[in-house]
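Trainee: Encoded as structure tokens, here's the structure I'll be asking about.
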Amino acid sequence: MNYNIGEFMTAEVKTIRISIESKEFDQRRIPAAMIADVFQKIQNVLYYIIDHLEGNPPRLRGDFPSAVKEHGELVISGINIGSITAELSLSETQSCLPGTMTYGERAIAIADEAIDAISAEDAQELKLLDAIGDERTANRVLRELDSIWPDERSKYSISIGFGKDGAHNLDPKHKPVVRSILNKPLERSEKEILGRMMELRVDQKRVFQIDTPEGIVACQYSRDIVEKVVENIGNLIRVRGIMTLQKNGRYTLCADDENSIERLQNLPLPKIKLLGQVMRLKEPLQLNILYEDDRYIISHDGLNLLVVSSSLKEGVEGINEELEILWDDYVKSSAEELSHDAIELRNRMISMLEKEDADGYIQDS
């Protein structure tokens with residue numbers, strides 16, 4: 001994602017401008033249902049992007065979680081009747097420090113870059129993917145925009161501006177280009193997942209399930225690695241393979257050789273959710289995982305973390321919550337208020353993060 005934070009921080013990053021004009025003689029007659037549909041599609045674009053920023057896998061169906069809605073809910077902040085000109089603003093009250101952006105603001109910035117990519121004369125799928133950062137999320141964003149993009153027969157013209165003064169005219173002549181990108185089938189993509197192998201079928205279907213920090217993932221495997229799969233049932237593993245979309249609308253990972261499966265001693269956590277942001281770690285946080293009596297015991301000795309949960313997803317969420325409590329207690333406090341041991345823990349937590357993620361969140365020592 002290549003958006004320029006400095007550029008957006010000087011603009012109205014919480015505002016989206018939408019203009020709908022009738023090409024008919026009576027320009028005041030714009031159906032309310034059409035206005036509502038355009039507003040909802042733009043809302044969905046933000047939700048899909050925020051869902052991706054949250055680290056969630058693209059959802060195939062169902063509603064967005066409340067956390068996503070809280071970050072990206074839009075409200076009407078101004079509207080002119082006639083040809084409809086409306087301003088939609090983020091409703092979230094969450095604030096951030098100078099130089100940083102909320103999830104909603106980041107989503108608006110990314111949406112601006114995405115619509116730049118597909119409305120340009122030389123529209124390229126690669127530019128859209130670069131803007132969004134995930135193929136399936138990009139496909140869903142494009143689907144929402146395509147549904148409101150006027151064609152040559154449309155009675156209405158639509159312009160949308162994400163966060164900046166200028167607006168993108170959804171040119172009807174460009175509709176075939178948008179449709180061609182949308183109709184291109186999703187590529188099979190290489191994927192790596194980590195988790196505990198839970199269920200196994202050794203019949204002709206040859207499928208096992210992995211409980212991962214993102215939820216349950218199904219994996220197919222070849223007959224050549226049956227022994228490798230069987231010996232890892234119940235173990236913590238890393239699986240590398242090709243992720244494909246099945247006819248039932250679900251994604252399945254395909255493992256073809258013994259190198260596809262690697263047993264792990266710990267579960268590495270490459271990033272954490274802290275202070276409303278996903279923050280990268282210099283080195284993955286190595287979590288100890290025990291599974292007893294249908295429960296996970298997840299711990300980290302160096303940071304005194306301990307969570308008991310029914311799934312890895314629930315457990316990792318609990319670890320993030322404990323880290324946030326530690327951050328509040330030790331990092332957000334002045335070092336002068338802490339004991340020697342507490343200062344060591346404070347320094348350990350700060351050193352975990354990449355410098356650009358840690359800066360701005362730390363009280364002076």
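Trainee: Checking Pro185 against (1) at pLDDT 85 or above; (2) in a loop (DSSP other than H, G, I, E, B); (3) farther than 20 Å from Ser19 by Cβ, only one condition comes out false. Which one?
Mentor: (1)
Trainee: So in region 131-143, with the set limited to residues that are in contact (Cβ under 8 Å) with a residue 40 or more places away in the chain and crowded, with 20+ Cβ neighbours inside 10 Å, which one is farthest from Asp63 (Cα to Cα)?
Mentor: Taking region 131-143 as the starting set, the residues that turn out to be in contact (Cβ under 8 Å) with a residue 40 or more places away in the chain are 131-137, 139-142.
Pick out the ones that are also crowded, with 20+ Cβ neighbours inside 10 Å and you get 131-132, 137, 139-142.
Details: Ala131: 24, Ile132: 20, Thr137: 15, Asn139: 18, Arg140: 14, Val141: 15, Leu142: 18 Å.
That would be Ala131.
Trainee: Among residues belonging to region 315-345 that are acidic (Asp, Glu) and at pLDDT below 90, point out the one that is surrounded by the most Cβ atoms within 10 Å (Cβ to Cβ). Give the derivation first.
Mentor: Going residue by residue through region 315-345, those that are acidic (Asp, Glu) are 317, 321-322, 324, 328-329, 336-337, 341, 344.
Still in the list and also at pLDDT below 90: 324, 328-329, 336-337, 341, 344.
Numbers: Glu324: 15, Asp328: 11, Asp329: 13, Glu336: 9, Glu337: 10, Asp341: 8, Glu344: 12.
Selected residue: Glu324.
Trainee: Let me ask you something else. Can you spot a residue in region 237-245 that is loosely packed, with under 15 Cβ neighbours inside 10 Å and among the small types (Gly, Ala, Ser)?
Mentor: no
Trainee: Oh, and also: When both residues are 6+ apart or on different chains and their Cβ atoms are under 7 Å apart, which pairs have a first residue that lies in region 216-242 and is of a type in the set (Val, Ile, Thr), and a second that is part of a helix (DSSP H, G or I) and surrounded by fewer than 18 Cβ atoms within 10 Å (Cβ to Cβ)?
Mentor: Ile225/Glu258
Trainee: Which condition number does Arg179 fail, the rest of (1) in a helix (DSSP H, G or I); (2) modelled with pLDDT under 85; (3) not assigned by TED's automatic domain parsing to the domain that holds Ile84 being met?
Mentor: Of the numbered conditions (1) in a helix (DSSP H, G or I); (2) modelled with pLDDT under 85; (3) not assigned by TED's automatic domain parsing to the domain that holds Ile84, the odd one out for Arg179 is (3).
Trainee: With respect to Asp165, is the statement that it is surrounded by fewer than 18 Cβ atoms within 10 Å (Cβ to Cβ), modelled with pLDDT of 85 or more and not basic (Lys, Arg) true?
Mentor: Against the criterion (surrounded by fewer than 18 Cβ atoms within 10 Å (Cβ to Cβ), modelled with pLDDT of 85 or more and not basic (Lys, Arg)), Asp165 does not qualify.
Trainee: Under 7 Å between Cβ atoms, at least 6 apart or on separate chains: pull out the pairs that start in region 322-335 with a residue that is in the same structural domain as Leu353 (by TED's automatic domain parsing) and within 11 Å of Leu274 (Cβ to Cβ) and end on any residue that is assigned to a helix (DSSP H, G or I) and of a type in the set (A, V, I, L, M).
Mentor: Leu326/Met349; Trp327/Met349; Val331/Met349; Val331/Ile350
The values are calculated or read from the model by the stated rules, or taken from the named source; none is laboratory data. The shown structure was predicted, so the numbers you read here are calculated from the model rather than taken from an experiment. Cβ atoms come from the backbone with ideal geometry, glycine included; neighbour counts cover every protein chain shown.
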